[in-house]
Amino acid sequence: MTKPTTSGELAAYLDRFLGTREVPDSPRALNGLQVENSGKLTRLLVAVDACQAAIDAAAHRGTDFLVVHHGLFWGGQAPVTGRLGRKVRALVQHDIALYSAHIPLDCHPEVGNNAILAEELGLESPQPFGHYEGTRIGLEGTLALPLDTLAARLAERLGARPHVIPKGPATTRRVAVVTGGGSAAIKEAYEGGIDTLITGEGPHHSYFDAEEWGINVIYAGHYATETLGVQAVGKHLRERFGLPFEFFDHPTGL
C-alpha cells in the first residue's frame, strides 16, 4: 500500500491490518475510527486510554491522529455532555482524529499486547489461550523460571511492580499471558494444566481462585500490560509509512 495521505486512509489501513471488522469484541468497544477530523495527517500520538489527559497532550503536541486501546464509549449510549462532551469538543476543536482498537490489539500476532509480552518474557511454543467474546486473546506456552525471577522480569519490562499470588510451583513450567483484566482466565488456566497466569488485574475473590486451584497468578497492572500494543502500532506505522509518532504515558497504577 502507498503511504496514506489522509486520516481516513490511515484508519482504513488500520482496520485491515488489525482486523477490527472481523475480531469479535464488546459492542461498546466501537473499534475503528471513533471521531473523524478534516482528513489532516501529519503526526501520530498513541496512548492506552482516550482520557482527557491524552487528548490534551495530542492537542498540545500538534497531533492530528490519536490511536488508543480503550476508546470513548465504554459506558454505552450517552449524551455528549459533561466529561464526554469535553473530550469530543477538544478533539473537534483541535482537528484530531481518534482511532480505537480493543480486542483486535490484544490478540494481533504482530503488534498485539499479548504477543509482544509473551515474546519479551521468552515464552516458548506459544499457543492461543484465554477466551473472550468468542475469540482467544492471550497465549500460553512453556517457560521454566523461578517465580520471583519472572516477577522481576515483568517489573523491569513494564516499569511497574507486579502483585504475585504464589499458590503454584516455585519454578514455573507452563505460563499463560492475558493482558488487561484477565482474571477470569484463572479457571481456564487451571483446567488447561497451566501453573502460572500473568494478567493485569483482578478482583478480591481471585486470590481464592488461585489458592484453591493451586496456581500462581501475577497481576502486573492493567495499564502496564497494555502499553505494549499501542507503541507497537506506532512503530509499525513509522517503519512502513514514515509517519512520526509519540507515546503518551499516563500510568494509573492499576
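Within the stretch 224-247, residues that are within 19 Å of Thr199 (Cα to Cα) have Cβ atoms under 6 Å from residues that are open to solvent by 40 Å² or more (accessible area, probe 1.4 Å) in these pairs: Gln231/Phe247, counting only partners at least 6 apart in sequence or on another chain.
Note on the stretch 72-85: among residues that are more than 19 Å from Val48 (Cβ to Cβ) and of a type in the set (Gly, Ala, Ser), the one that is least open to solvent (accessible area, probe 1.4 Å) is Gly85. Evaluate the following for Pro169: is it more than 16 Å from the chain's Cα centre (by Cα) and farther than 19 Å from Ala118 by Cα? Answer is yes for this residue. For the stretch 36-64, a residue qualifies if it is touching a strand residue (DSSP E or B) at 6+ places or on another chain (Cβ under 8 Å) and assigned to a helix (DSSP H, G or I), and the qualifying residues are Ala54, Ile55, Ala57, Ala58. Residues of the stretch 86-120 that are open to solvent by 10 Å² or more (accessible area, probe 1.4 Å) and among the charged types (D, E, K, R): Arg86, Lys87, Arg89, Asp95, Glu110, Glu119, Glu120.
Apart from one condition, Gln93 fits all of (1) touching a residue at least 40 places away in the same chain (Cβ under 8 Å); (2) within 25 Å of His60 (Cβ to Cβ); the exception is (1). Within the stretch 214-247, if we keep just the residues that are of a type in the set (S, T, N, Q) and open to solvent by 10 Å² or more (accessible area, probe 1.4 Å), the residue that is farthest from Gly182 (Cα to Cα) turns out to be Gln231. Checking each residue in the stretch 121-169 for being touching a residue at least 60 places away in the same chain (Cβ under 8 Å), closer than 18 Å to Gln231 by Cβ and open to solvent by 40 Å² or more (accessible area, probe 1.4 Å) picks out only Gly159.
Within the stretch 38-58, the residues that satisfy the criterion of being open to solvent by less than 30 Å² (accessible area, probe 1.4 Å) and either under 18 Å from Gly234 (Cβ atoms) or free of Cβ contacts under 8 Å to residues at least 12 places away in the same chain (or both) are Leu41, Leu44, Leu45, Val46, Ala47, Val48, Ala50, Ala54, Ile55, Ala57, Ala58. Only residues that are within 19 Å of the chain's Cα centre (by Cα) and open to solvent by less than 20 Å² (accessible area, probe 1.4 Å) were counted in the stretch 187-204, giving 4. Of all residues in the stretch 6-35, those satisfying the criterion of being hydrophobic (A, V, I, L, M, F, W, C), outside any loop (DSSP other than H, G, I, E, B) and open to solvent by 30 Å² or more (accessible area, probe 1.4 Å) are Ala12, Phe17, Leu33.
Out of curiosity, is Ala185 outside any loop (DSSP other than H, G, I, E, B) and either hydroxyl-bearing (Ser, Thr, Tyr) or farther than 30 Å from His60 by Cβ (or both)? For Ala185, the condition - outside any loop (DSSP other than H, G, I, E, B) and either hydroxyl-bearing (Ser, Thr, Tyr) or farther than 30 Å from His60 by Cβ (or both) - is met. Please work out if Gly253 is open to solvent by 70 Å² or more (accessible area, probe 1.4 Å) and assigned to a loop (DSSP other than H, G, I, E, B). For Gly253, the condition - open to solvent by 70 Å² or more (accessible area, probe 1.4 Å) and assigned to a loop (DSSP other than H, G, I, E, B) - is met.
The values are calculated or read from the model by the stated rules, or taken from the named source; none is laboratory data. Note that the coordinates shown come from a computational prediction; the quantities given were computed from them, not determined experimentally. Using ideal geometry, Cβ is built from the backbone for each residue, glycine included, and neighbour counts are taken over all protein chains shown. Quick note on the areas: whole protein, heavy atoms, side chains included, nothing else; ligands and nucleic acids left out. Shrake-Rupley method; radii C 1.70, N 1.55, O 1.52, S 1.80 Å.
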